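The values are calculated or read from the model by the stated rules, or taken from the named source; none is laboratory data. Being a predicted model, the structure only gives us computed values, none of them experimental. Virtual Cβ from ideal backbone geometry, glycine too; neighbours counted across all protein chains shown. For the accessible areas, the whole protein counts, side chains as well, though only heavy atoms, and no ligand, DNA or RNA atoms are used. Shrake-Rupley method; radii C 1.70, N 1.55, O 1.52, S 1.80 Å.
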Amino acid sequence: MNRRAPLALAVGLTAALALAGCSSASSASSSSSNSSTNTSGSTPQLKVSGGYMPRPVGDLAAGFLVVTNSGGAADKLTSVTSDISDDITIHSTENQKMRKVKSFDIPAGGELNLARGGNHIMFMGLKQQPEQGQKVGIELHFEKADPVKVELPVKEINYNPAQR
C-alpha cells in the first residue's frame, strides 16, 4: 500500500468536512423583525445570539451567529478578529458557492443570520485546535457600532441547530 495514500485521504477528508460547514444544503431560517416606528437619525442597537463553531478538523473552521439590530439605523458587519487565527474572513453563500465579501448588511429593525449553508465567518490557518465544549473568543467589528466580543461554544462537527 502506498504510504502517502492515508495522508492524502486524511487531508481530503479534512477539507471536505470543513467545507461541508460552508456548503450544507440546510440553513437556519432568518426571521427579521421590522420596526414600524420612525427612528431616523438613531443609531444601531446590536445584540449577538446563537453563536457556535463546529469543532474544526484541520486548520479551517466556520463560525455562525445572529446579529439583531433593534435600533433605527442600519449597520454593517465589516470584519471579525480572534486570537485563534490571523486569517478570518466573512463569506456569503449562494447556490452552494461561497465567496469572500467585504461586509454584511444589518438592517434597522432586522437581523443578520450567519447560518450553516449560508453566510458565515471563515477561520483559516488556526493557531490551535479548540475541542468540543471549549469556547472561542471573537470580536465583531461594525461600520457604525462599537466592536462586540462574543464567545462561540465549540460544538460537534455536524452540529446544526436548524435540524434539532
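Tell me, yes or no, whether region 148-155 has at least one residue that is in contact with a strand residue (DSSP E or B) (Cβ under 8 Å, 6 or more places away or on another chain), in contact (Cβ under 8 Å) with a residue 12 or more places away in the chain and not in a strand (DSSP E or B).
There is no residue in region 148-155 that is in contact with a strand residue (DSSP E or B) (Cβ under 8 Å, 6 or more places away or on another chain), in contact (Cβ under 8 Å) with a residue 12 or more places away in the chain and not in a strand (DSSP E or B).
Please give the number of the condition Gly133 fails out of (1) loosely packed, with under 14 Cβ neighbours inside 10 Å; (2) touching a residue at least 24 places away in the same chain (Cβ under 8 Å).
The one condition Gly133 does not meet is (2).
Name the single residue, out of those in region 82-106 being touching a residue at least 60 places away in the same chain (Cβ under 8 Å) and open to solvent by less than 60 Å² (accessible area, probe 1.4 Å), that is farthest from Glu139 (Cα to Cα).
Only one residue fits best here, namely Thr93.
Would you check which residues across region 135-147 are under 17 Å from the mean Cα position of the chain (by Cα) and either in a loop (DSSP other than H, G, I, E, B) or at pLDDT below 95 (or both) and list them?
Of everything in region 135-147, just one residue is under 17 Å from the mean Cα position of the chain (by Cα) and either in a loop (DSSP other than H, G, I, E, B) or at pLDDT below 95 (or both), namely Pro147.
Working carefully through the options His120, His141, find the one that is touching a Cys at 6+ places or on another chain (Cβ under 8 Å) and either open to solvent by less than 10 Å² (accessible area, probe 1.4 Å) or closer than 23 Å to Ser42 by Cβ (or both).
His120
Considering region 49-81 alone, what residues qualify as being more than 14 Å from the chain's Cα centre (by Cα), assigned to a strand (DSSP E or B) and surrounded by fewer than 19 Cβ atoms within 10 Å (Cβ to Cβ)?
Val57, Lys76
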